[in-house]
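For reference, the structure is listed below as structure tokens.
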Amino acid sequence: MSWMSVITAGIITYITRFSMVTFVNGKMLNKKARLVLSYVPSTVFPAIIFPAVFFNDYGSFVEINDPKIFGIIAAIIVGFYSKNIIATIVSGLLVYWFFIF
């Protein structure tokens, strides 16, 4: 029963997302709507990343010497100068792994 619920929820989620991509094209939206929607990825991503980096398992802020802080600082610096997503991710992970191992 639980697998059927998971599969049904996945199908419904896929259909709703697929319908927006398929049926809403750029001509249906005016310039203002396209401008507003262009900011969605850059606002959602930090909202997902912030709690993972700055909060611990108990919901309180991590200390300044946490390895995740060093990793995100390195990723921000590399991302700012290189404008390369892969280099940003790899640098952040390498610095994080350096401090935890």
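We did not get these values from a lab; they are worked out from the coordinates using the rules stated. Predicted, not measured: the structure shown is a model, and the values here were computed from it. No Cβ is skipped: glycine too gets one built from the backbone with ideal geometry, and neighbour counts run over all protein chains shown.
Given R0 = 35 Å, the distance between the Cβ atoms of PHE55 and ILE12 translates into a calculated FRET efficiency of 0.70.
Over the Cα atoms of region 3-53, Rg to Rh with Kirkwood Rh, two decimal places? Each step should come with its number before you reach the end.
Values: Rg = 15.2 Å, Rh = 13.5 Å.
Using Cα coordinates only, the ratio equals 1.12.
The label-point distance for ILE77 and VAL36, in a model that sets each label 7 Å from Cα toward Cβ, rounds to 3.9 nm.
Using +1 on the beta carbon of Lys and Arg, -1 on that of Asp and Glu, and nothing else charged, what's the dipole of the chain about the Cα centre, debye to 20? Could the numbers behind the result be given before it?
Numbers: 7 positive and 3 negative charges, 156 e Å.
Using only the charged Cβ atoms, the result is roughly 740 debye.
GNM on the chain, C-alpha springs below 10 Å: top fluctuator among PHE50, PHE80, PHE23? Judging by the Gaussian network model, the answer is PHE23. Max-minus-min Cα coordinates of region 35-86 on each principal axis give 37, 24, 14 Å, with the largest extent listed first. The angle separating the long axis of helix 2-23 from the principal Cα axis of greatest extent in the chain is about 70 degrees.
Rounding to the nearest 10 and keeping the result within 0 to 90°, find how far the Cα-based axis of helix 67-82 lies from the longest principal axis of the chain. It is inclined by approximately 70 degrees.
Taking amide hydrogens as placed 1.01 Å from N in the peptide plane, the amide H of PHE55 sits under 5 Å from those of VAL62, each at least 5 positions away in sequence or on another chain.
Take every Cα pair under 8 Å in the chain that's 6+ residues apart, average their separations, divide by the length, and report that relative contact order as a whole percent. Numbers along the way, then the final one.
Details: 43 pairs, mean separation 16.8, N = 101.
Once normalised by length, the contact order is 17 percent.
Relative to the longest principal axis of the Cα atoms of the chain, the long axis of helix 85-100 lies at roughly 40 degrees.
Estimated purely from DSSP H runs of n ≥ 4, each contributing -39500 (n - 2.57), the mean residue ellipticity at 222 nm for the chain is -25000 deg cm²/dmol once divided by its residues.
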